């Protein structure tokens, strides 16, 4: 008993000393960084880095709105960031502490300014698109060589979906991404906040609902890589990770990603500092470290997502910067659309519509 | 004084761990959602003194409970949860009773081992055990592979992402909660009562129905409540094993809280769920007491 007490005492002393040493707590998406960078940060700055991960914007937002999360750096997506800024969850960045801020890419920062006016509260970490991942062989088998693999009609035309149902189709369980896609397919404004326009997505989605095996936001990575499913509406980098896993497994599965020619959603994951961050000083040091051109390039080379850092581009590997699925061509960039957060009343309409589509009630 | 202190401890815990959290939830259910930290209004401002309290009190209303009656989603979800909870309680009883009965019939020296086997799964995380059911029930899972290798079926059975998988998950998870109370009721059973019944001409089966069953009633009731109550509000099992058509109130609650960011409506759903659970239990206990008194 005595020894336990003693150990407990030392443990508490250790915790206390760790708290007095400088530390920074970062909360980022899972599988979203090269872990070697985390060690490099600690070695370079001498700051202890505590790195936690989450897997949905909703979980992060609930922590932010409850307050007192204890994190110094968090990574919400654009629309969520915008709402949390309004709620007063973040503190403005001190640019004098961010010497690498000049590395940022204006093509991206002009777009992120729509969520964070003047980019006062956040820096872009990664961005990507929501499009269509396919198992090339199986889709051709089901629909022939001229299958519309770069069109939303692949997933929203019941005639195509009926033939694809046999080999398996997954949709993201993310109403704020699927409903805009359905609106883009019928030529409506994907960013509409008008409940009457949003309602037009319902018949499109209800018509293909019987052929969707599952609504899920991460299972499709493995399912595509294993050949369990042949089509998924998913996020660019995740589908490309599935492509790599299939290559590594040498299981004969060929995965490809296409943004939709009717337009795909472009999203941004932004690093920001909570208003009640325990150590904003160290948080700025971390942001500056991430904005270093070499570090940002290492992160993108590892996770297959594009970043908002222009200076890093010369350090990117050819299969990242040269892949139009990651860095779209300037023409393709023009077809991409962005969305803005739904007001609370419209959010309720969207969630209700989503429940109705998924469960039939 | 000593006695008072002794009694007050459990009441203090009840107050701190049940009543206070419930009152907080009730208070939030009467608020309105707002984009702030925390995301609801009004906030109680004690700095303003009595006027602040009055202002706060005036802003509370029943709006969210009215909202629950306006959309049939909530009633359907409550009913669907009720159906799933009742069905799984009955299934757990059917599976659990023979296990408990078998344990009491086993030789004395085996009992601690059997008891251990029932409790053993608790040593592994609940989440991991539910996840492992995914790999058993999936189309390429162990169960389908076994059945197909035996030649019993030619196409895989679709179990995962259906309500069947939810029932399997609930029965598996809550089985020990059914077995243990029934076991402890049966263990106290006086063997001579059964002998007497047989001496008076009962067959073994009638003796079981007329003597064993009624005497284990308290165990059955305790076990059923222990399964029914958590099953009613279950979220994890339907989220992992059920399909998107599985409608349960736990899932609706999650969506209100996380997707709609509407803490007040989520709290209202939780308050109604608590009432749905508590009222029948209180009525049941009242009835039990009455019967006991009538028996005297």
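Listing for the model above:
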{"quantity": "Exposure proxy order (Cβ contacts within 10 Å, fewest to most) of A:96, A:264", "calculated": "A:96, A:264"}
{"quantity": "Pairwise label distance in nanometres, residue B:209 with residue B:48, each label 7 Å out on the Cα-Cβ vector", "calculated": "6.9"}
{"quantity": "All-pairs alpha carbon distance profile, region B:1-48, 5 Å steps from 0, percent", "calculated": "5, 17, 16, 16, 14, 10, 9, 8, 4, 1"}
{"quantity": "Inter-chain Cβ neighbour average for residues A:343-355, partner chain, 10 Å", "calculated": "4"}
{"quantity": "Potential extension, residue A:114-residue A:50 segment - 0.36 nm per residue separation minus Cα distance", "calculated": "20.0 nm"}
{"quantity": "Span per principal axis, largest first, for the Cα atoms of region A:21-177 (Å)", "calculated": "61, 33, 33"}
{"quantity": "Cα extents of chain B along the three principal axes, largest first (Å)", "calculated": "77, 66, 35"}
{"quantity": "Cα coordinate range in region B:1-92, projected on the principal axes (Å, largest first)", "calculated": "53, 48, 21"}
{"quantity": "Sequence of B:67, B:133 once ranked by neighbouring C-beta atoms within 10 Å, starting from the fewest", "calculated": "B:67, B:133"}
{"quantity": "FRET efficiency for residue B:76 and residue A:153, using Cβ-Cβ distance with R0 set to 22 Å, rounded to 0.05", "calculated": "0.05"}
{"quantity": "Cα-based helix-to-principal-axis angle, A:57-66 vs chain A, degrees rounded to 10", "calculated": "40"}
{"quantity": "Cβ-derived FRET efficiency at R0 22 Å, residue B:285 paired with residue B:4, nearest 0.05", "calculated": "0.25"}
{"quantity": "Sorted by Cβ neighbour density within 10 Å, fewest at the top, the residues B:292, A:25, B:129", "calculated": "B:292, B:129, A:25"}
{"quantity": "Net lengthening on full extension, residue A:319/residue A:36 (0.36 nm per residue, minus Cα-Cα)", "calculated": "99.8 nm"}
{"quantity": "FRET efficiency estimate (nearest 0.05) - Cβ-Cβ, residue A:254 to residue A:107, R0 41 angstrom", "calculated": "0.85"}
{"quantity": "Separation in nanometres of the label points that stand 7 Å from Cα toward Cβ, at residue A:226 and residue B:11", "calculated": "5.7"}
{"quantity": "Two-decimal ratio, region B:199-254, of alpha-carbon radius of gyration to 2.2 N^0.38 Å", "calculated": "1.88"}
{"quantity": "Two-site label geometry, residue B:83 and residue B:66: point separation in nm, points 7 Å out along Cα→Cβ", "calculated": "3.1"}
{"quantity": "With Cα atoms, 0 to 90° folded angle of helix B:72-105 axis to chain B main axis", "calculated": "30"}
{"quantity": "Inter-chain Cβ neighbour average for residues A:323-333, partner chain, 10 Å", "calculated": "0"}
{"quantity": "Alpha-carbon centroid distance for the pair region B:217-267 / region B:13-85, whole angstrom", "calculated": "19"}
{"quantity": "Kirkwood hydrodynamic radius of chain A, from inverse mean 1/r over distinct Cα pairs, in Å", "calculated": "21.7"}
{"quantity": "On Cα atoms only, tilt of A:35-45 relative to the major axis of chain A in degrees", "calculated": "30"}
{"quantity": "Inter-part distance where region A:69-138 and region A:284-337 are each reduced to a Cα centre, Å", "calculated": "14"}
{"quantity": "Against the rule of thumb 2.2 N^0.38 Å, how large the Cα Rg of region A:162-238 comes out", "calculated": "1.15"}
{"quantity": "For region A:196-239 versus region A:41-66, the gap between their alpha-carbon centres in whole angstrom", "calculated": "29"}
{"quantity": "Shielding by partners, peptide A:62-75 (average Cβ within 10 angstrom, other chains)", "calculated": "2"}
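Here, each number is a calculation from the coordinates, and none is a lab measurement. As the structure is a prediction and not an experimental result, all values here were calculated from the model. Here Cβ is always computed from backbone atoms with ideal geometry, including for glycine, and neighbour counts include all displayed protein chains.
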